[in-house]
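Enquirer: Questions regarding the structure given below will be posed in turn.
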């Protein structure tokens with residue numbers, strides 16, 4: 001038997017596996033490709049033939065969605081909420097993580113336990129009373145209210161990931177910095193943060209994705225149309241224009257694009273970030 | 001320590017030699033580092049949780065009308081609320097079936113990529129994509145896929161000549177729950193796969209090599225070598241996945257809203273409905289549901305980790 005015949009039979013044995021790989025790739029990637037195609041086709045075109053390629057690219061649908069269907073507002077609301085929440089989470093979370101990882105003090109373990117226990121609280125246990133509390137504080141139906149709720153809700157995971165990384169920074173570095181007369185704040189700013197950049201980057205991408213997609217808190221805490229974030233905006237549009245499939249697809253594409261862009265550049269970091277919370 | 005000394009400790013550079021220990025920090029420093037987080041956490045996590053517990057034994061109407069009812073909410077919940085029990089049943093089916101499918105499917109996908117197939121890196125990136133998409137995006141796409149008239153599911157059945165099996169997938173109480181579950185599994189398989197891939201590449205290569213030499217079939221290798229060695233990962237993923245599914249809200253809400261005929265109602269969608277959609281305007285009763293459900297989840301987590309970890313100890 002020649003070598004080529006051998007490898008041919010080896011390939012033949014693996015044929016079902018390769019077929020499965022192709023099928024599953026189509027199953028996971030296909031739906032997004034389908035939406036991308038529909039987003040540049042008009043609804044009559046889609047209903048004439050749902051799975052055809054675009055005959056002409058209707059880019060003007062994006063302009064239409066952005067201006068006439070309020071997607072521009074939704075997009076900016078999402079951007080404001082997510083960027084502020086991620087910035088606050090990173091700073092506040094890093095401060096706590098630095099403190100817990102670096103200093104021995106009475107109550108260290110208590111603080112850690114209290115903050116990390118936030119990871120197991122189901123949102124349903126918080127959402128009803130958060131609704132009341134935001135009403136009391138006049139933060140209901142405001143973007144800043146949603147930002148604070150997001151910060152409180154994702155602090156636990158952020159601290160968990162950052163503290164794990166910060167704790168591995170060699171103590172010698174900090175001892176040396178102390179000897180050189182660095183203040184506590186300088187140590188945080190000029191040693192922990194620069195060295196912790198990989199971990200910070202992980203939490204930033206992770207929080208960005210999760211908050212960009214967040215639905216439950218937003219749907220309870222925001223009801224005015226000009227306050228809606230993208231997921232709410234799309235749901236609202238879907239509710240009132242159920243049959244305008246083409247326009248809904250354009251809206252979906254507006255929500256997907258930032259994620260695809262970030263994912264395209266940082267797929268390794270994002271995959272690592274998503275696993276960081278689960279693997280010990 | 002005086003106030004000025006404390007300030008110089010924080011921002012200044014000069015200090016007495018005895019203060020050089022980098023493991024210690026003054027109280028002021030600790031407060032500055034911890035206060036923002038602890039304040040936000042107290043006001044928007046601890047307080048709401050306590051208030052939910054408080055609400056669960058009250059009737060809470062708008063305009064601050066509150067009435068203490070003791071355990072009446074829980075009593076009604078357990079003894080007269082048929083929709084609640086329907087929701088519990090649905091959530092239980094969802095949590096058990098989808099968790100097993102997710103973890104098992106994720107393991108098989110990871111093994112596919114691990115067996116040195118071509119383009120493994122690219123495939124991993126594509127297979128992970130659904131995990132990153134929001135429930136709104138995934139939900140709407142799958143509502144279209146399940147559409148009776150032009151959806152992909154029925155189109156494929158017709159193309160295969162199985163037109164008899166055409167369904168209104170989300171409109172029929174018999175198929176709705178399973179259809180939503182399929183979408184949920186589709187979204188999360190990639191996550192489990194990635195974790196298993198990380199765990200697989202951390203396994204010692206010699207063991208798998210030795211199995212190869214012993215001419216061990218791949219199924220035997222899976223059952224006797226890979227699964228036992230991945231046990232800690234499997235336990236973690238089972239618990240994580242199970243807890244997530246016990247709280248499922250978004251996808252159900254987007255795809256079916258709990259219908260038709262409560263066939264996809266879950267505990268979380270029911271909590272939401274009782275609080276904001278029903279015109280009972282009472283936050284106490286749904287809070288009682290949330291509290292009870294949290295207690296049940298907690299018990300499950302403790303029991304699951306105990307049981308699965310216990311067997312670890314016995315084996316080794």
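The values are calculated or read from the model by the stated rules, or taken from the named source; none is laboratory data. Predicted model, so just to flag it, every value in this text is computed and none were measured. Methodologically, a virtual Cβ is constructed for each residue, glycine included, from the backbone with ideal geometry; neighbour enumeration extends over all protein chains shown.
Enquirer: Suppose the filter is surrounded by 14 or more Cβ atoms within 10 Å (Cβ to Cβ) and not in a helix (DSSP H, G or I); does residue A:31 pass it? Give the steps one after another, and end with the answer.
Expert: Working: surrounded by 14 or more Cβ atoms within 10 Å (Cβ to Cβ): yes; not in a helix (DSSP H, G or I): no.
No; evaluated as a whole, the condition is false for this residue.
Enquirer: Within the range B:98-108, is there a residue that is away from chain A (no Cβ under 13 Å), more than 22 Å from residue B:252 (Cβ to Cβ) and modelled with pLDDT of 90 or more? Spell out the reasoning first.
Expert: Initially, the range B:98-108 is screened for residues away from chain A (no Cβ under 13 Å), giving B:98-101, B:104, B:107.
Narrowing further to those that are more than 22 Å from residue B:252 (Cβ to Cβ): B:104, B:107.
Narrowing the set further to residues that are modelled with pLDDT of 90 or more leaves B:104, B:107.
Yes, there is a match, as at least one residue in the range B:98-108 is away from chain A (no Cβ under 13 Å), more than 22 Å from residue B:252 (Cβ to Cβ) and modelled with pLDDT of 90 or more.
Enquirer: Would you be able to tell me the number of residues in the range A:192-208 that are part of a helix (DSSP H, G or I), in contact with a helix residue (DSSP H, G or I) (Cβ under 8 Å, 6 or more places away or on another chain) and over 30 Å from residue A:230 (Cα atoms)?
Expert: Our first condition is that a residue be part of a helix (DSSP H, G or I); within the range A:192-208, this holds for A:192-195, A:197-208.
Filter once more, keeping what is in contact with a helix residue (DSSP H, G or I) (Cβ under 8 Å, 6 or more places away or on another chain): A:192-193, A:195, A:198-208.
Those still in the list that are over 30 Å from residue A:230 (Cα atoms) too: A:192-193, A:195.
So the answer is 3.
Enquirer: Kindly indicate whether any position in the range A:72-86 is closer than 30 Å to residue B:287 by Cβ, at the interface with chain B (Cβ under 10 Å from one of its Cβ atoms) and either out of contact with any helix residue (DSSP H, G or I) (no Cβ under 6 Å at 6 or more places or on another chain) or in a helix (DSSP H, G or I) (or both).
Expert: No: the range A:72-86 contains no residue that is closer than 30 Å to residue B:287 by Cβ, at the interface with chain B (Cβ under 10 Å from one of its Cβ atoms) and either out of contact with any helix residue (DSSP H, G or I) (no Cβ under 6 Å at 6 or more places or on another chain) or in a helix (DSSP H, G or I) (or both).
Enquirer: Considering only residues of the range A:147-172 that are within 11 Å of another protein chain (Cβ to nearest Cβ) and over 16 Å from residue B:46 (Cα atoms), which is surrounded by the most Cβ atoms within 10 Å (Cβ to Cβ)?
Expert: A:159
Enquirer: Tell me which helices (runs of 4 or more DSSP H) are completely within the range B:123-205 and hold 1 or more residues being within 25 Å of residue A:233 (Cβ to Cβ) and away from chain A (no Cβ under 12 Å), or say none if there are none.
Expert: Working: elements: B:135-145, B:152-159, B:176-201.
Result: B:176-201.
Enquirer: Just wondering, is there one or more residues in the range B:255-275 that are surrounded by fewer than 20 Cβ atoms within 10 Å (Cβ to Cβ), in a helix (DSSP H, G or I), more than 23 Å from the chain's Cα centre (by Cα) and on the phi < 0 side of the Ramachandran plot?
Expert: Checked against the condition, which is being surrounded by fewer than 20 Cβ atoms within 10 Å (Cβ to Cβ), in a helix (DSSP H, G or I), more than 23 Å from the chain's Cα centre (by Cα) and on the phi < 0 side of the Ramachandran plot, the range B:255-275 yields no hits at all.
Enquirer: In addition: Return yes or no: is residue B:232 surrounded by fewer than 16 Cβ atoms within 10 Å (Cβ to Cβ), under 24 Å from residue B:307 (Cβ atoms) and in contact with a helix residue (DSSP H, G or I) (Cβ under 9 Å, 6 or more places away or on another chain)? Give the steps one after another, and end with the answer.
Expert: Numbers: surrounded by fewer than 16 Cβ atoms within 10 Å (Cβ to Cβ): yes; under 24 Å from residue B:307 (Cβ atoms): yes; in contact with a helix residue (DSSP H, G or I) (Cβ under 9 Å, 6 or more places away or on another chain): yes.
When the stated conditions are applied, residue B:232 passes them.
Enquirer: Let me ask you something else. From the list A:255, A:176, pick out the single residue that is surrounded by fewer than 17 Cβ atoms within 10 Å (Cβ to Cβ) and within 9 Å of chain B (Cβ to nearest Cβ). Quick ask: steps written out before the conclusion?
Expert: Values: A:255 fails: surrounded by fewer than 17 Cβ atoms within 10 Å (Cβ to Cβ).
Going through A:255, A:176 in turn, the sole match is A:176.
Enquirer: Mind listing whichever residues of the range B:175-212 are modelled with pLDDT under 85 and crowded, with 16+ Cβ neighbours inside 10 Å? Explain how you work it out, then say what you get.
Expert: Applying the first criterion (modelled with pLDDT under 85) to the range B:175-212 yields B:201-212.
Answer for the range B:175-212, where residues must be modelled with pLDDT under 85 and crowded, with 16+ Cβ neighbours inside 10 Å: B:208, B:211.
Enquirer: Give the range A:87-107 a look and list any residue that's within 9 Å of chain B (Cβ to nearest Cβ), assigned to a helix (DSSP H, G or I) and over 14 Å from residue A:204 (Cβ atoms), or say none.
Expert: Selection gives A:95, A:96, A:98, A:99, A:100, A:102.
Enquirer: Next question, about the same structure. Taking the options B:68, B:119, name whichever one is within 14 Å of chain A (Cβ to nearest Cβ), at pLDDT below 90 and loosely packed, with under 14 Cβ neighbours inside 10 Å. Write out each step before concluding.
Expert: On the way: B:68 fails: within 14 Å of chain A (Cβ to nearest Cβ).
Result: B:119 is the single residue among B:68, B:119 that is within 14 Å of chain A (Cβ to nearest Cβ), at pLDDT below 90 and loosely packed, with under 14 Cβ neighbours inside 10 Å.
Enquirer: Answer yes or no as to whether residue B:52 is in contact (Cβ under 8 Å) with a residue 40 or more places away in the chain, at the interface with chain A (Cβ under 8 Å from one of its Cβ atoms), more than 30 Å from residue A:30 (Cα to Cα) and part of a helix (DSSP H, G or I).
Expert: On the way: in contact (Cβ under 8 Å) with a residue 40 or more places away in the chain: yes; at the interface with chain A (Cβ under 8 Å from one of its Cβ atoms): yes; more than 30 Å from residue A:30 (Cα to Cα): yes; part of a helix (DSSP H, G or I): yes.
Yes; evaluated as a whole, the condition is true for this residue.
Enquirer: Is it the case that the range A:48-68 has a residue that's within 14 Å of chain B (Cβ to nearest Cβ) and either at pLDDT 95 or above or in a helix (DSSP H, G or I) (or both)? Step through it out loud before you land on a result.
Expert: Our first condition is that a residue be within 14 Å of chain B (Cβ to nearest Cβ); within the range A:48-68, this holds for A:48-52.
Applying the additional criterion that residues be either at pLDDT 95 or above or in a helix (DSSP H, G or I) (or both) yields A:48.
Yes: one or more hits.
Enquirer: Name every residue in the range A:189-203 that is in contact (Cβ under 8 Å) with a residue 40 or more places away in the chain and surrounded by 20 or more Cβ atoms within 10 Å (Cβ to Cβ), in order of residue number.
Expert: A:192, A:196, A:200, A:202, A:203
Enquirer: Still on this structure, I have one more. Looking at A:221, A:230, A:243, which is the one that is more than 10 Å from every other protein chain (Cβ to nearest Cβ), touching a residue at least 60 places away in the same chain (Cβ under 8 Å), out of contact with any strand residue (DSSP E or B) (no Cβ under 8 Å at 6 or more places or on another chain) and crowded, with 20+ Cβ neighbours inside 10 Å? Can you show your working first?
Expert: Numbers: A:230 fails: more than 10 Å from every other protein chain (Cβ to nearest Cβ); A:243 fails: crowded, with 20+ Cβ neighbours inside 10 Å.
Step by step, each of A:221, A:230, A:243 is checked, and only A:221 is more than 10 Å from every other protein chain (Cβ to nearest Cβ), touching a residue at least 60 places away in the same chain (Cβ under 8 Å), out of contact with any strand residue (DSSP E or B) (no Cβ under 8 Å at 6 or more places or on another chain) and crowded, with 20+ Cβ neighbours inside 10 Å.
Enquirer: Read through the list (1) closer than 21 Å to residue A:87 by Cβ; (2) at pLDDT 90 or above; (3) touching a helix residue (DSSP H, G or I) at 6+ places or on another chain (Cβ under 8 Å), then give the number of the only condition that residue A:140 fails.
Expert: (1)
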